[in-house]
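Participant: First the structure, then my questions, so here it is.
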Amino acid sequence: MASRLPGGAATPSPAATVVDDSTTDPAATLLPQATTEQAQPPQPAPPATLRVWIPPEIGARTEAGFREMTSQIRAFETTHDDLSVIVEQKPLEGPGGIINYLRAGRTVAPSVMPDLIAVSGRVLSDPNAQDLFMPLDDLVDPAILGDIYPAAVSQVVSDGRLYGYPFATSGLTHLIVRPSLMTGDDVPLTWTQFISDTNHNMVLPADSREGALFGLQFYLAVGGALVNDAGQPDLQPGMLAQALTQIGLRRDNLLQSSQLKTLDEAWQYHQLGLSQSMWMQADFLLSQPTEPVAAGATPDQAYMPVPGPDEALVPLTTTWAWAITTTDQSRQALAAELVSYLTRSENLTNWSSRSQVLPAQRSAVEALAVENPYFRFADGELQRSAGMPISETSRLLDALGDAVFQVLTTDRSPAVIAEEAVLAARQ
């Protein structure tokens with residue numbers, strides 16, 4: 001048994017011994033057994049290998065998560081004689097990424113291609129990449145979809161076929177607020193009410209990708225589309241101007257947001273007690289140290305959805321799923337076994353906790369909620385979330401981020417800013 005995870009080296013499998021039983025002398029087959037060379041004993045089959053590729057942002061997110069995955073894979077190996085699971089760290093996209101390797105290497109160098117990969121739901125649902133992944137309908141129990149959040153299911157099912165097994169969710173957004181603001185039904189979930197109340201000032205890193213994501217959620221909430229009639233990526237100036245007009249209301253209640261570039265900067269500002277609420281992503285929050293709350297004590301922070309134009313904004317999340325890429329049926333079956341093992345509720349709960357990431361399965365979130373009430377809130381938000389519709393490197397997101405920053409820092413008309421953002425996105 002051997003495995004290799006990010007940063008580790010795999011133990012080479014012993015080369016198989018090739019035995020040639022053929023002979024060019026037909027008479028040799030007529031000689032008595034005693035006069036022939038002793039027959040070679042049967043050679044053992046070479047160890048089976050399973051090659052897994054996983055992007056570092058999910059496979060090596062934390063050292064503790066890396067160790068947990070290593071431990072689980074080694075435990076899986078012990079259930080199969082002479083099995084070696086080789087796990088390699090590779091970026092998902094780009095010139096040296098998993099997707100490019102799959103496109104170019106499947107027919108050229110199939111022996112070094114992965115059998116199983118971890119892939120984002122956005123890539124998995126891309127029609128142009130669909131042929132790289134094997135349908136899982138006959139390999140896993142379709143009943144598992146009942147334990148998966150809707151946004152994750154939407155990113156792994158295409159034309160009624162299952163192409164991935166979701167295991168993690170990233171990008172969930174919400175607010176963290178002072179508990180004094182949480183007064184039941186009185187908490188406003190419309191942006192106009194929320195930001196106009198001086199008790200509801202907020203901080204977010206507007207000069208960043210987080211500001212762009214905030215703008216994207218607002219733009220979608222007012223009915224904005226991300227493609228034009230020709231199916232090309234585009235923004236609608238009227239809808240964007242409408243979103244920017246609301247975002248720009250009571251800029252003074254957004255405190256230092258326009259000067260902040262990272263969630264860490266915003267977090268430090270909020271921790272000093274300078275804001276009543278903060279725009280947050282679950283991935284960042286789960287990475288922060290937490291102090292246990294004594295029985296009967298009031299937590300020092302509470303959680304609520306981000307207010308939107310008419311109701312709370314829909315969180316946009318990215319699903320991480322296991323996808324099988326080998327065309328060999330025996331290896332497909334072995335890869336499916338590994339996926340089922342890693343996504344057992346107990347295993348997934350342990351890995352998610354140590355990796356500081358939200359699981360894609362309800363049962364794992366419920367298990368985590370036993371010790372941390374945050375996961376009860378996250379469960380409700382994951383239930384109503386939607387899949388991230390564009391790449392985080394999209395030009396549309398660049399344009400949206402710049403528009404949000406301008407509406408918070410200049411006195412220019414939201415309509416003018418929107419027109420310029422649309423032109424920038426089309427370049």
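The values are calculated or read from the model by the stated rules, or taken from the named source; none is laboratory data. The model shown is predicted, which means the values in this text are computed figures rather than measured ones. As a convention, Cβ positions derive from the backbone with ideal geometry for all residues, glycine included, and neighbour counts pool all protein chains shown. Only protein heavy atoms, including side chains, enter the accessible area calculation; ligands, DNA and RNA are left aside. Shrake-Rupley method; radii C 1.70, N 1.55, O 1.52, S 1.80 Å.
Participant: Given (1) crowded, with 21+ Cβ neighbours inside 10 Å; (2) under 30 Å from Ala323 (Cα atoms), identify the lone condition not met by Leu226.
Facilitator: (1)
Participant: Just the residues that are surrounded by fewer than 17 Cβ atoms within 10 Å (Cβ to Cβ), touching a residue at least 24 places away in the same chain (Cβ under 8 Å) and not in a helix (DSSP H, G or I), please, taken from region 335-373.
Facilitator: Correct list: Asn372, Pro373.
Participant: Those residues that are buried (at least 19 other Cβ atoms within 10 Å of the Cβ) and part of a loop (DSSP other than H, G, I, E, B), I need them from region 374-427; list them, please.
Facilitator: Of everything in region 374-427, those that are buried (at least 19 other Cβ atoms within 10 Å of the Cβ) and part of a loop (DSSP other than H, G, I, E, B) turn out to be Ser385, Met388.
Participant: Any residue in region 128-143 that is crowded, with 18+ Cβ neighbours inside 10 Å sitting within a Cβ distance under 8 Å of a residue that is in a loop (DSSP other than H, G, I, E, B) and of a type in the set (Phe, Trp, Tyr)? List the pairs, counting only those 6 or more apart or interchain.
Facilitator: That search, which allows pairs on different chains as well, returns Phe133/Tyr163; Met134/Tyr163; Leu136/Tyr163.
Participant: Report whether or not Leu244 is buried (at least 17 other Cβ atoms within 10 Å of the Cβ), more than 15 Å from Asp310 (Cα to Cα) and either of a type in the set (Val, Ile, Thr) or at pLDDT 90 or above (or both).
Facilitator: no
Participant: So, one more: Checking Val156 against (1) farther than 19 Å from Arg61 by Cβ; (2) within 19 Å of the chain's Cα centre (by Cα); (3) open to solvent by 30 Å² or more (accessible area, probe 1.4 Å); (4) touching a residue at least 24 places away in the same chain (Cβ under 8 Å), only one condition comes out false. Which one?
Facilitator: Looking at each condition in turn, Val156 falls short on (3).
Participant: Tell me whether region 102-113 contains one or more residues that are modelled with pLDDT under 95, touching a Pro at 6+ places or on another chain (Cβ under 9 Å) and part of a helix (DSSP H, G or I).
Facilitator: Yes: region 102-113 contains one or more residues that are modelled with pLDDT under 95, touching a Pro at 6+ places or on another chain (Cβ under 9 Å) and part of a helix (DSSP H, G or I).
Participant: I would also like to ask the following. Among the residues of region 264-286, write down those that are open to solvent by 70 Å² or more (accessible area, probe 1.4 Å) and not in a helix (DSSP H, G or I).
Facilitator: Of everything in region 264-286, those that are open to solvent by 70 Å² or more (accessible area, probe 1.4 Å) and not in a helix (DSSP H, G or I) turn out to be Leu272, Leu274.
Yes or no, residue by residue, for (1) farther than 29 Å from Ala367 by Cβ; (2) open to solvent by 10 Å² or more (accessible area, probe 1.4 Å):
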{"position": "Ala152", "(1), (2)": "no, no"}
{"position": "Pro188", "(1), (2)": "yes, yes"}
{"position": "Asn201", "(1), (2)": "yes, yes"}
{"position": "Phe218", "(1), (2)": "yes, no"}
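Participant: Taking only pairs six or more apart or across chains, which ones have beta-carbon atoms under 7 Å, a first residue in region 249-263 that is open to solvent by 60 Å² or more (accessible area, probe 1.4 Å), and a second residue that is of a type in the set (Phe, Trp, Tyr) and at pLDDT 90 or above?
Facilitator: The qualifying pairs are Gln256/Tyr269.
Participant: Still on this structure, please answer the following. For the condition under 18 Å from Phe284 (Cβ atoms) and among the small types (Gly, Ala, Ser), what is the one hit in Ser340, Ser345, Ser363, Ser352?
Facilitator: None of the other options fit; the residue is Ser352.
Participant: Regarding region 6-16, can at least one residue be identified that is at pLDDT 80 or above, more than 20 Å from Pro166 (Cβ to Cβ) and in a loop (DSSP other than H, G, I, E, B)?
Facilitator: No, the conditions are met nowhere in region 6-16.
Participant: Consider Ala206 carefully, then state whether it is touching a helix residue (DSSP H, G or I) at 6+ places or on another chain (Cβ under 8 Å), part of a helix (DSSP H, G or I), surrounded by 14 or more Cβ atoms within 10 Å (Cβ to Cβ) and among the aliphatic types (A, V, I, L, M).
Facilitator: No: the conditions fail for Ala206.
Participant: Can you tell me which residue in region 48-101 is nearest to the chain's Cα centre (by Cα), limited to those that are aliphatic (A, V, I, L, M) and part of a strand (DSSP E or B)?
Facilitator: Ile54
Participant: Go through region 264-292 residue by residue and tally those that are in contact (Cβ under 8 Å) with a residue 40 or more places away in the chain and within 23 Å of Leu313 (Cβ to Cβ).
Facilitator: 16
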